[in-house]
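The values are calculated or read from the model by the stated rules, or taken from the named source; none is laboratory data. Since the structure is predicted, the reported quantities are computational estimates derived from the model, not experimental observations. For neighbour counting, all protein chains shown are included, and Cβ atoms are generated from backbone atoms with ideal geometry for every residue, glycine included. Protein only, heavy atoms only, side chains kept; ligands, DNA and RNA dropped before computing areas. Shrake-Rupley method; radii C 1.70, N 1.55, O 1.52, S 1.80 Å.
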Amino acid sequence: TRSSAIAFAALLGAMVVRRHELAARVGPLLQPLRVCVVLALLGGLVTYRVVPHMRGSFLKAGLSGIDLNKITTRRDGNGELVRPYVGPPVPEAMGAVSCAVYLVCLFLFIPVPFAQPGVPPYADAAFPHAELARLLCSLLSICCMCFLGFADNVLDLRWRDRLVLPLAASLPVLMTYAATGGVTTIKVPAVAQALLGTGANVDIGALYFVYISLLAIFCTNAINILAGVNGLEVGQSVVIGLTIAAFNTVQLLRWPDDPLLCAHNLFSLYIVLPFVGCSFGLMWHNWYPSAVFVGDTYCYFAGMTFAVAGNLGDFFK
């Protein structure tokens, strides 16, 4: 937790230290990023404060489990766990709290990139409807995944059913990506270009949409499959989120004169920064010894957030 917090603070510090350079290069696009950082910090604080208050409600609803990592769980004389497991109940599916706070943060953020103080309003023909549609469909997919993840926690679905859930939740992203003319080109590594006999860019057409749907399935289950150790689901998600944010920041500094590239990387930051903030608030209570379990709700929420940031942020390398 300490190392992740230091990394997050270092990233924000680097952005603050180089704010004048960013302001000169990125210009008015930097103002929404400031608001996004503030919402990320507020989201983390609200999550940290709300989670303890919701523990009783989740326990009362029967959403709880036994923490096998705790020494208070019943064991035999050799210290081995004894079935049936007996121990203090720990509320489960508490990732729903961070999901709700995250969505509220991004709902409040919706008008910020499109109506900035000191910037003339868009003319009707010049309004970036495609960018607004991408933001709204991203929230729709993440919201659907949060709902389906909570349903999984309540209904305890089978693994084969869990493979279908991310595909259903990714449909808004797929359809909006196709409707807004999203690129279907991928970057081929230099080593593979000679082996495959291709150039640096390859247009794979409709296969790109298959790739997007499979990526959504992979991301959600990749987070979920490592569940079971206190703080692991949230901890790895924070590390991944910080890595994406660092990548976006570097890209903004490398190609500040490319408006399309800047827009894509800023979009990814808008999605990822509030997620990292809300995850920090949840991780404080999920770290060993865990006071809450995040459940499949958070795993699906985190995976879909990364899939959305990668797809609509056009990480086509």
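I'd like to check something: does region 192-206 contain any residue that is closer than 30 Å to Tyr300 by Cα, of a type in the set (Val, Ile, Thr) and surrounded by 14 or more Cβ atoms within 10 Å (Cβ to Cβ)? Write out each step before concluding.
As a first pass, look at region 192-206 and keep what is closer than 30 Å to Tyr300 by Cα: 203-206.
This time we only want the ones that are of a type in the set (Val, Ile, Thr), so: 204.
With the extra rule that they be surrounded by 14 or more Cβ atoms within 10 Å (Cβ to Cβ), the set shrinks to none.
No, because not a single residue in region 192-206 is closer than 30 Å to Tyr300 by Cα, of a type in the set (Val, Ile, Thr) and surrounded by 14 or more Cβ atoms within 10 Å (Cβ to Cβ).
Looking at Asp296, Asp257, which is the one that is in contact with an Asp or Glu (Cβ under 7 Å, 6 or more places away or on another chain) and either under 29 Å from Thr185 (Cβ atoms) or assigned to a helix (DSSP H, G or I) (or both)? Break it down stepwise before answering.
Numbers: Asp257 fails: in contact with an Asp or Glu (Cβ under 7 Å, 6 or more places away or on another chain).
Within the list Asp296, Asp257, the selection yields Asp296.
Cβ-Cβ distance below 8 Å, separation of 6 or more or different chains: which pairs start in region 148-165 with a residue that is at negative phi and among the hydrophobic types (A, V, I, L, M, F, W, C) and end on one that is surrounded by 12 or more Cβ atoms within 10 Å (Cβ to Cβ) and not in a helix (DSSP H, G or I)?
If the second residue must be surrounded by 12 or more Cβ atoms within 10 Å (Cβ to Cβ) and not in a helix (DSSP H, G or I), the pairs left are Phe150/Ala93; Ala151/Leu157; Val154/Leu63; Val154/Ala93; Leu165/Leu157.
For region 32-67, which positions are in a loop (DSSP other than H, G, I, E, B) and in contact (Cβ under 8 Å) with a residue 60 or more places away in the chain?
Those that are in a loop (DSSP other than H, G, I, E, B) and in contact (Cβ under 8 Å) with a residue 60 or more places away in the chain: Leu63, Asp67.
Against the condition at pLDDT 75 or above, under 27 Å from the mean Cα position of the chain (by Cα) and either of a type in the set (A, V, I, L, M) or open to solvent by less than 60 Å² (accessible area, probe 1.4 Å) (or both), how does Gly44 come out, does it pass?
yes
State all residues of region 69-85 that are in contact (Cβ under 8 Å) with a residue 12 or more places away in the chain, open to solvent by less than 70 Å² (accessible area, probe 1.4 Å) and part of a loop (DSSP other than H, G, I, E, B); if no residue qualifies, say none.
Passing the criteria: Asn69, Lys70, Thr73.
Take Asn224 and tell me if it is buried (at least 20 other Cβ atoms within 10 Å of the Cβ), of a type outside the set (A, V, I, L, M) and over 23 Å from Cys105 (Cα atoms). Lay out the reasoning, then the answer.
Values: buried (at least 20 other Cβ atoms within 10 Å of the Cβ): yes; of a type outside the set (A, V, I, L, M): yes; over 23 Å from Cys105 (Cα atoms): yes.
Yes: the conditions hold for Asn224.
I'd like the full set of residues that are open to solvent by 10 Å² or more (accessible area, probe 1.4 Å), at pLDDT below 90 and closer than 17 Å to Gly65 by Cα, limited to region 91-115.
Of everything in region 91-115, just one residue is open to solvent by 10 Å² or more (accessible area, probe 1.4 Å), at pLDDT below 90 and closer than 17 Å to Gly65 by Cα, namely Glu92.
Quick check, is Ala216 more than 19 Å from Phe150 (Cβ to Cβ) and touching a residue at least 40 places away in the same chain (Cβ under 8 Å)?
Considered against the rule, which asks whether it is more than 19 Å from Phe150 (Cβ to Cβ) and touching a residue at least 40 places away in the same chain (Cβ under 8 Å), Ala216 comes out as no.
Out of region 277-291, which residues are over 19 Å from Ala245 (Cβ atoms) and either of a type in the set (Lys, Arg) or part of a helix (DSSP H, G or I) (or both)?
Trp284, His285, Asn286 - these are the residues of region 277-291 that are over 19 Å from Ala245 (Cβ atoms) and either of a type in the set (Lys, Arg) or part of a helix (DSSP H, G or I) (or both).
Would you call Phe218 among the aromatic types (Phe, Trp, Tyr) and outside any helix (DSSP H, G or I)? Write out each step before concluding.
Details: among the aromatic types (Phe, Trp, Tyr): yes; outside any helix (DSSP H, G or I): no.
Taking the combined requirement at face value, the residue does not satisfy it.
Could you tell me whether any residue of region 239-249 is touching a Lys or Arg at 6+ places or on another chain (Cβ under 8 Å) and open to solvent by 10 Å² or more (accessible area, probe 1.4 Å)?
No.
With respect to the numbered conditions (1) assigned to a helix (DSSP H, G or I); (2) aliphatic (A, V, I, L, M); (3) in contact (Cβ under 8 Å) with a residue 24 or more places away in the chain; (4) exposed (fewer than 14 other Cβ atoms within 10 Å of the Cβ), which one is the sole condition not fulfilled by Val229?
(1)
From the set of residues in region 122-153 that are farther than 22 Å from Leu269 by Cβ and at pLDDT 85 or above, which is least open to solvent (accessible area, probe 1.4 Å)? Explain how you work it out, then say what you get.
As a first pass, look at region 122-153 and keep what is farther than 22 Å from Leu269 by Cβ: 123-126, 144, 147-153.
From the residues that got through so far, the ones that are at pLDDT 85 or above too are 144, 147-151.
On the way: Cys144: 48, Phe147: 142, Leu148: 37, Gly149: 0, Phe150: 71, Ala151: 27 Å².
The extreme case among them is Gly149.
Failed condition for Ala302, given (1) out of contact with any Asp or Glu (no Cβ under 9 Å at 6 or more places or on another chain); (2) within 23 Å of Leu135 (Cα to Cα); (3) crowded, with 24+ Cβ neighbours inside 10 Å, with all others met?
Every condition holds for Ala302 apart from (1).
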